[in-house]
1. Order 148-158, 465-475 from most to least packed using the mean count of other Cβ atoms within 10 Å.
2. Which length gain, in nm to one decimal place, applies between Asn124 and Ile444 when the Cα-Cα distance is subtracted from 0.36 nm times their residue separation?
3. What ³J(HN,Hα) values, in whole Hz, does the Karplus curve 6.51 cos²θ - 1.76 cosθ + 1.60 give for the stretch 664-669 when θ = phi - 60°, with x put for Gly and Pro?
4. Select from Ser356, Ile475, Ala315 the residue farthest towards the positive end of the dipole of the chain; place +1 on Cβ of Lys and Arg, -1 on Cβ of Asp and Glu, and compute about the Cα centre.
5. From the square roots a ≥ b ≥ c of the eigenvalues of the alpha-carbon gyration tensor of the stretch 192-329, which class results: rounded (a/c under 1.5), prolate (a/b over b/c), or oblate?
6. Set the Förster distance to 56 Å, then compute FRET efficiency between Glu357 and Asp273 from the Cβ-Cβ distance, nearest 0.05.
7. Taking other Cβ within 10 Å of each residue's Cβ, how do Thr538, Thr673 sort, fewest first?
8. In what sequence, highest mean first, do 245-258, 168-181, 720-733 appear when ranked by Cβ atoms within 10 angstrom?
Amino acid sequence: MLTMKTKILFLIFVSIVPIKLFSQEYKTGEVMDSITYQAISEAEILNTKGKLLTTTDQNGDFTIKGNIDTIKIARFGYKPKIVIINKNKKNTIFLSKTDYQLKQITVEAPAYSPIESITKLDLNLKPINTSQEALRVIPGLFIAQHEGGGKAEQIFLRGFDMDHGTDISINVDGMPVNMVSHAHGQGYSDLHFLIPEVIDHIEFEKGPYNTQYGDFQTGGFINFHTKDFLKHNRIQLEAGMFDTYRLLTMINLFDKNNKKESAYIATEYMMTDGFFDVSQNFNRLNSFFKYKKQLSNTTALTLETSLFNTRWDAAGLIPQRAVNDGYIDRFGEIDSCGGGQTHRNNLIINFSKKLSETSNILNLFYFSDYGFDLHSNFTFFLNDSINGDEIEQKENRKLYGYKLLYTKNLTKGNWTLTTNLGGGFRYDDINNIELSHNKNRYIILDIIDLGDIDETNLNAFAEEVLQNGSLVIKIGSRLDFFNFVYSDKKSKPYRTFNDKKSTFSPKITIAYSFNKNLQVYAKAGKGFHSNDARIIATTKTDILPIAYGSDAGIIFKPFKSAIINIAYWNLYMQQEFVFSGDDGTVKPVGKSYRQGIDFSSRVEILNNLYTKFDINYANPRLINNNLGIYLPLAPIWTSTGGIFLKTKQAIRIGVSYRYLGKRPADEFNNFETKPYTVFDASASYTSSHFEIGISIQNLFNVNWDDAQFETTSKLPWETNPVTDIDFTPGTPFNLKIKTAIFF
């Protein structure tokens, strides 16, 4: 067991010792968009032989060493360019946009994953209805909705039922979306505050291997990057079946050719009655503002604000037997009081400074004002045969956070060393987190849990990335400290509980490129997810259950317009141990082991005609558990794919599918969920002044079950409880049209 002193010394060793091996001689430059004058990050800087020298940072800057006069600049989505650089001044290079093309992607071992490039292609080929649906862009990730669209979706990935985000770190421009110690579930990640049209690209990695993300990164992390500027102003109107309407406006506030300053505001309003027998009465209002200013040649400031508010009614989960017996149809309801309302208002301040030609520092401050109120009934009349089992979960929260990232690039010969040092804190001030037994939504029959939570996370990390174009070695470590305080307002006498925990997470990645078309990689690391702070009132064990994972994979291009990724992975979890917000109890399940294979391919089979195919297999199992060996609802076989046409005349046509195989619904596999395959379709035409489009969900109108749970419940006419599969029906055939005007 490493002591705290040893862990801190290891962080210092990883971050400082390698620096002494490198010297500094450099030429500098910046890469910018030729139309908007905005910085282009992650552009590849290559020599005339095509060897990767470095990549641009978030400010579009790069530094190279040696007697190199001619370089090639390449970036996915831009035309490559060969330039002669001047050693006596900072070189400014402009790139022109082009269509995303697979032939532009190389699999040399850069500091970022080439697999991320395919998400840009996917985002460009198919429209996304909501930002939560953007999660489906991640290969192998599935979502399910079981509360009428206002609740965060349930997430499935790599043999995990991640609930609403327990085992995946989700972020927007570096700000965490996951809510610790949430009223409904640990890691609850409601992404609906993000307007999908402002998403620029998605950074992601499966597994616990990134040092910059800590809590919840057992299954991976996702960071949505928003656009710094708009290509054009937009007014968009959408209308669809089930009285669905959406209005979107996106307006630039400055001249888009202003290289020093940019700002825009986007506002979205959506309403729908939904496809259930009883109106959903759903409405959502979003507003997003982003301002970026180059304060000087070395400093930049970015300010973001967003406002989000939504309200809805929901049928919730219904028992399969109620449908089979004809008591209700598949779009009916048992309890009419489901639904809720929630809001989240965010502020993000990003201040970056170039300290020297080879070093940068980034400061990220964030704040969220958050409220949540949810009404559900999962067991109907099991516990209260007269009033029913409706529950209310609610909270009010203030979230404060800060992240620091220091980056330094050093070169020696053909080698580049990038040092990433950072840390920060997160403080959640949660007031009146409540679980109560209600009737008719607003009549409180009994308060089951009530209290306040103060939860603090302090963290630090160090990482070294050693690269020579063919080989990348990334080694790092992370130290997290937590302070949990729970004030139980329900107990008599009033009590406050406190616990402190820390965890140390080493990580390593090695990638080697044999050429531009073949790369192999291996990863290993330790991750964790925190548990609900209320658990310390019951037990102080396993509040930071840890995970150990490894990946081994290959990325290759069999020909220039195709890319394939195959990976074997495994993950050991110390404890499948969660606090259930639905009944206020602790549910320890035991140790688990997952392993599986991921396969992804993107192929341009004809000019502008693309195919997508992902298939994923996982074998999740509980270890030494008397309750059984199966992990309820954990996905085993999943697949997504489609065929898409995108012409230079801006015509987009696509048909896609998603398949989720049957899964055990309980630890003994006595109950299984139903598999489903659903097809969607879309078509659009875009000119310089307008866009028209049509999208269809569930093209063949199949009956499919979205969320599915094994549940013991009792219906009004039943004398004894029954264990059954409860489900939320998936979307039926749903057509929507879109018209947008650009100016």
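Derivation of every value follows stated rules applied to the coordinates shown; laboratory data play no part. Just so it is clear, the structure is predicted and the values come from calculations on it, not from any experiment. Here the Cβ is made from the backbone with ideal geometry for all residues, glycine too, and neighbour counts use every protein chain on show.
1. Ranked by mean Cβ neighbours within 10 Å, highest first: 148-158, 465-475.
2. So the chain would gain 110.4 nm between Asn124 and Ile444.
3. x, 9, 8, 5, 9, 6
4. Ser356
5. Details: a/c = 3.57, a/b = 1.60, b/c = 2.23.
The shape class here is oblate.
6. The computed FRET efficiency comes out at 0.45.
7. Least to most surrounded, the residues fall as Thr538, Thr673.
8. Top to bottom by mean Cβ count within 10 Å: 168-181, 720-733, 245-258.
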